[in-house]
Amino acid sequence: MIRVAIAGTGSIAAACHMPALAAERHRAQVVAAVDVDSVRVKAFCGEHGIPQAYTDLGEMLARERPDLVHICTPPHAHARQVVDCLKAGAWVWCEKPPCLSLAEHDRITAAESGTFAAVVFQHRFGSGARHLRRLLETGELGRPMVALCVTAWYRDHSYYSAPWRGRWDTEGGGPTMGHGIHQMDLMLSMFGDWEEIRAMARRVDRSIETEDVSVASVRFANGAMGSVLNSVLSPREESYLRFDFARATVELRHLYGYHNDDWTCSRPDLWQPPDDVPSSHAAQLSALLDSFERGERPALSGKDSRTTLEFVTGLYAAAFTGRPVRRSDLTMDHPFYHRLDGGTAL
């Protein structure tokens, strides 16, 4: 059995991680949970039948020696906790965003030594996305031309009452970092590397430090063009992706997760996924545990997960400087490499 621990026992752990682990009970056992709130972690363990509750991550790692740790804490804690788990000999599955900067991400990757840190980007693992990737690999759709990537969500003022939300030093960014990152990751997984981005980001309404809306135009390395919107001000919520290829248009409309029925293709003869697997934590966890059992680097770890954070960094850099940003610009001496607001105020 793969020994699993949960770090952070808030809503995402209960709603997404525990159901995903329940589906893998034949090969994964949750042995402990950690939270700084002793009352909450004890209640969580009681509800889910977890034998050990801790308030200190280091103590849990030393006593339980888990094989895999799910990081479900606020973003500002991710980098330190992921590195601690890796050094203790555990694999890690970390909620998005993986960390607050490319600098932190590179420290995480440097700490990998036979252990790996993967990021929760579950939209890549639904059957619709897998089928689209197969069509791209066979060349049946033709080359990528145009992408539209929309995360139009709604978060009211009370959402930002949590002290870590809406702040650069604790959340890392606004909807570009914390909400639209899922759709942008799926777009990048289909259209590949980007070369140049131009963007705007601003605080339109919410009383926060970060942006509440961003828009961007992107040029991909393969010559395709893309348009991106990230918002938490949209009462009719929608996640929308449109991919125009030389021989077909593929669209996805959903909100927080999709099934096959949420996809459409202008070539129905091509759109016949063999199964219907929703884009869920369960789908990605299954693939992660497969990698663990084989001792292979899992998807969405190392350079694979860095690609999406790099895109977010480029978007913020373009928005704050008012200039186009090329992917090659984001070196270690670039101010946005260390902090996603570049050390300035929005």
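Normalising the average separation of contacting C-alpha pairs (under 8 angstrom, six or more residues apart) by the number of residues puts the relative contact order of the stretch 53-92 at 47 percent. Taking Cβ atoms as reference points and 14 Å as the exclusive limit, the residues near Glu140 contribute a net charge of +3, counting Lys and Arg as +1 and Asp and Glu as -1.
Projecting the Cα atoms of Ala88, Val41, Ala201 onto the dipole axis of the chain, where Lys and Arg carry +1 and Asp and Glu carry -1 at the beta carbon, places Ala201 farthest toward the positive end.
When only Cα pairs below 8 angstrom with a gap of at least 6 residues are kept, the chain shows a relative contact order of 18 percent.
Most mobile of Asp185, Asp244, Asp269 per a Gaussian network model of the chain (Cα springs, under 10 Å)? Per the Cα network of the chain with a 10 Å cutoff, Asp269 tops the list.
Alpha carbon centre of the stretch 23-73 versus the stretch 252-322: separation in Å? That distance is 27 Å. Evaluated with a Cβ-only charge set (Lys, Arg +1; Asp, Glu -1), the stretch 1-139 carries a dipole of roughly 420 debye about its Cα centre, given to the nearest 20.
The alpha carbon gyration tensor of the stretch 68-206 gives principal lengths a ≥ b ≥ c with a/c of 1.5 or higher and a/b no greater than b/c, which makes the shape oblate. Using the Cα coordinates of the chain, the gyration tensor eigenvalues translate into equivalent-ellipsoid semi-axes of 31, 25, 19 Å, sorted from longest to shortest. Summarised in one figure, the compactness ratio Rg/Rh of the stretch 1-157, Cα atoms and Kirkwood Rh, is 1.04.
Mean-square fluctuations from a GNM of the chain, with a 10 angstrom spring cutoff on Cα atoms, peak among Met332, Met187, Met177 at Met332.
Residues in the stretch 324-338 carry Karplus couplings, in order, of x, 10, 9, 4, 5, 6, 7, 8, 5, 8, 7, x, 7, 5, 9 Hz; the curve used is 6.51 cos²θ - 1.76 cosθ + 1.60 with θ = phi - 60°, and Gly or Pro positions show x. Largest mean-square fluctuation among Ser279, Ser38, Ser158, in a Gaussian network model of the chain whose springs join Cα atoms under 10 Å apart, belongs to Ser158. Ignoring lysines fewer than eight residues from Lys96 along the same chain, the ones with Cα atoms less than 23 angstrom from its Cα are Lys87, Lys303. The 1.4 Å probe gives accessible areas that order Phe311, Phe320, largest first, as Phe320, Phe311. When the residues Met190, Met1 are ordered by accessible surface, computed with a 1.4 Å probe over the protein chains alone, the sequence from largest down reads Met1, Met190.
Dipole magnitude for the chain: computed about the Cα centre from +1 point charges on Lys and Arg Cβ and -1 point charges on Asp and Glu Cβ, it is near 280 debye. Overall, the stretch 39-99 carries a charge dipole of about 80 debye about its Cα centre when +1 sits on the Cβ of Lys and Arg and -1 on the Cβ of Asp and Glu, all other atoms neutral. Between the Cα long axis of helix 181-191 and the first principal axis of the chain there is an angle of about 50°, rounded to the nearest 10. Per residue, the average separation of C-alpha pairs within less than 8 Å and at least 6 apart gives the stretch 258-343 a relative contact order of 17 percent.
Coupling constants for the stretch 55-72 follow from the phi torsions by the Karplus curve (6.51 cos²θ - 1.76 cosθ + 1.60, θ = phi - 60°), and in residue order they are 10, 10, 5, x, 4, 4, 4, 5, 7, 9, 6, x, 7, 9, 10, 8, 8, 10 Hz; glycine and proline get x. Tally up the carbon and sulfur contribution to the accessible surface of the stretch 182-310 as a whole percent, 1.4 Å probe, everything protein left in place. Result for the stretch 182-310: 48 percent of the exposed heavy-atom area is carbon or sulfur.
Each other residue within a Cβ distance under 10 Å of Glu310 adds +1 if Lys or Arg and -1 if Asp or Glu, for a net charge of +2.
Listed values for the stretch 128-134 are Karplus-derived 3J(HN,Hα) couplings in whole Hz (6.51 cos²θ - 1.76 cosθ + 1.60, θ = phi - 60°), namely x, 5, 5, 5, 4, 5, 5, and x replaces Gly and Pro. Both the radius of gyration and Dmax for the stretch 124-163 are 17.5, 49 Å, in that order, over alpha-carbon atoms.
The values are calculated or read from the model by the stated rules, or taken from the named source; none is laboratory data. Given the structure is predicted, the values throughout are model-derived calculations rather than measurements. Neighbour counts run over all protein chains shown; Cβ positions are idealised from the backbone, glycine included. Heavy atoms of the whole protein, side chains included, go into the accessibility calculation; ligands, DNA and RNA do not. Shrake-Rupley method; radii C 1.70, N 1.55, O 1.52, S 1.80 Å.
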